[in-house]
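As structure tokens, the structure follows; a few thoughts come after it.
The values are calculated or read from the model by the stated rules, or taken from the named source; none is laboratory data. Computed from a prediction, not measured in an experiment: that's the story for all the values here. All Cβ positions, even for glycine, are placed from backbone atoms using ideal geometry, and neighbour counts span all protein chains on display. Keep in mind that these areas ignore ligands, DNA and RNA; they rest on the heavy atoms of the full protein, side chains included. Shrake-Rupley method; radii C 1.70, N 1.55, O 1.52, S 1.80 Å.
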Amino acid sequence: MSEKPIRYLYGLKTHFVIILAVFGLFLVPLYAAGETYGLRDAQGNFVPKVTVTIKNKEVLVKKVDPQERFKSFSLTLNPNNRNLIRNVGLIELEWIDSNNQPTKPVRFAGPLYNPETRVFQDSIIKSTGFKLVDKTTTRSLFGDKPVSDFFSMSLDDQPLVSSESVAEKSRTVNMGTGRDVSLNIDKSVIVFNENNFKKGEILNVDNRSGLDQVLGVELPEKGLLYFQIIRKPEQTKIPRENWDKFNVAADSGIFIVLIPEPTANEYARLDGKEITIKVYQGGRVRDVNKVPIKIAADLRPAAQQTPSAPVDSSAVEQTSRPATATQTRGESTEPPPPVRTSSSGPRAEARTSVWIWIIQIFNLILLVGLAGFGMFFMLPKIQVLQDRLAKAEMFIHGSREAIRDELEQIKGEIIQQCERDASGK
């Protein structure tokens, strides 16, 4: 066979493969690249826990280790994603069993979801993960966006972080080139609530420049019961007289300990204050980082006393200005006498307007009564139906877990009996 037919056949095969690849891109549904989320251990190493894969109509969350038991796993919807929050009632939840098969779908916004906090929380023991499915809406709730745009996750009240963000934060920065970021600050804002109010909060600051740096820290003077800057990993305190300028070695850092005052009048002063961290280069300030401090809503009623109703100065000025103007001109402040009319037209118009107002008020009362009547009789029935559905879903979920445990126990007993029979023979 000559070389020309061989080259021609080879070219046809190449074009055929390219055409198949192009059609595959259009026919096969596109999945977003899966992201790995996990926790950091005591040594600062990243420990993967779950993988998240996003499709236009699905979100798949799976354990990295299928045998691991999650006692408390929570998923919080992003408050900025209004489209997802509005359609949360249309999302279905499918648990993935040990055979990697989805179970019967249930409502995501069921008894395990709190609409006020936008948090879904449950344990994941036998299941290897779960899937969020959008089968109703015509729009794509999950599109090609990062996971953080949709929700955040926590495991045993510890927030899960992406492996990519951990790798980026641990990367050493070459000063003057690339992303010239010399500090790693683990919190963008410090919020004191009922959980951390007594034990305080810790702000970690790492020097990731690869060089020694001079830092300066400014803390609020009022509202803190205890505050200290400690070097790590030496665990030594930095004297307060050196807080305006102190040296931090390369690949080292500090952590700032903050414990608020116990009384409401004292810790209320922290709301809106800031922690200022300055980076010096030579004799000038090269970079300034500010971390605001906030008091959570569960502490604000105790921290803020209800002030007396302020007087509207503009209203006072408006009411006082006409009087002062007339008094300076020497005129009387009494209103002008009413104009008398002999016709009865105004009286008839006044009576008509009164009757119109009476009819409108009566219609409003009637509408309110009808609405109250409907709510009084329909809301309890709706609540009973919701409670029954919630109990049914919880019973089904618990029964499924119990059946799995029972099957595994029976399986173990059968295996032991078979081993005994075999040894007896």
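Brief remarks on what is shown
- The stretch 181-295, accessible surface, carbon-and-sulfur percent (1.4 angstrom probe): 47 percent
- Taking Cβ atoms as reference points and 12 Å as the exclusive limit, the residues near I238 contribute a net charge of +2, counting Lys and Arg as +1 and Asp and Glu as -1.
- Counted by Cβ distance under 13 Å from F151, the other residues give a net charge of 0, where Lys and Arg count +1 and Asp and Glu count -1.
- Kirkwood hydrodynamic radius of the stretch 33-165, from inverse mean 1/r over distinct Cα pairs, in Å: 15.1 Å
- Anchor K63: lysines whose Cα lies under 16 Å away (excluding residues fewer than 8 positions away in-chain): K49, K71, K126, K131
- Net charge dipole size for the stretch 375-425 [Lys, Arg +1 and Asp, Glu -1 on Cβ; Debye, nearest 20]: 240 debye
- Taken about its Cα centre, the stretch 181-295 carries a charge dipole of roughly 100 debye when the Cβ of each Lys and Arg holds +1 and the Cβ of each Asp and Glu holds -1.
- Net dipole in debye of the stretch 33-165 [+1 Lys, Arg Cβ; -1 Asp, Glu Cβ; about Cα centre; nearest 20]: 400 debye
- Among I54, L112, V133 the positive-end extreme of the charge dipole of the stretch 33-165 (Cβ point charges): V133
- By the equivalent-ellipsoid construction on the alpha carbon gyration tensor, the stretch 181-295 comes out with semi-axes of 25, 14, 13 Å, ordered largest to smallest.
- Counting only lysines at least 8 places from K290 when in the same chain, those with an alpha carbon closer than 26 Å to its own are K169, K187, K198, K199, K222, K232, K237, K245, K273, K278.
- Sequence-separation-based contact order of the stretch 33-165, relative, with Cα cut under 8 Å and 6+ spacing, percent: 35 percent
- Anchor K135: lysines whose Cα lies under 22 Å away (excluding residues fewer than 8 positions away in-chain): K55, K57, K62, K104, K145
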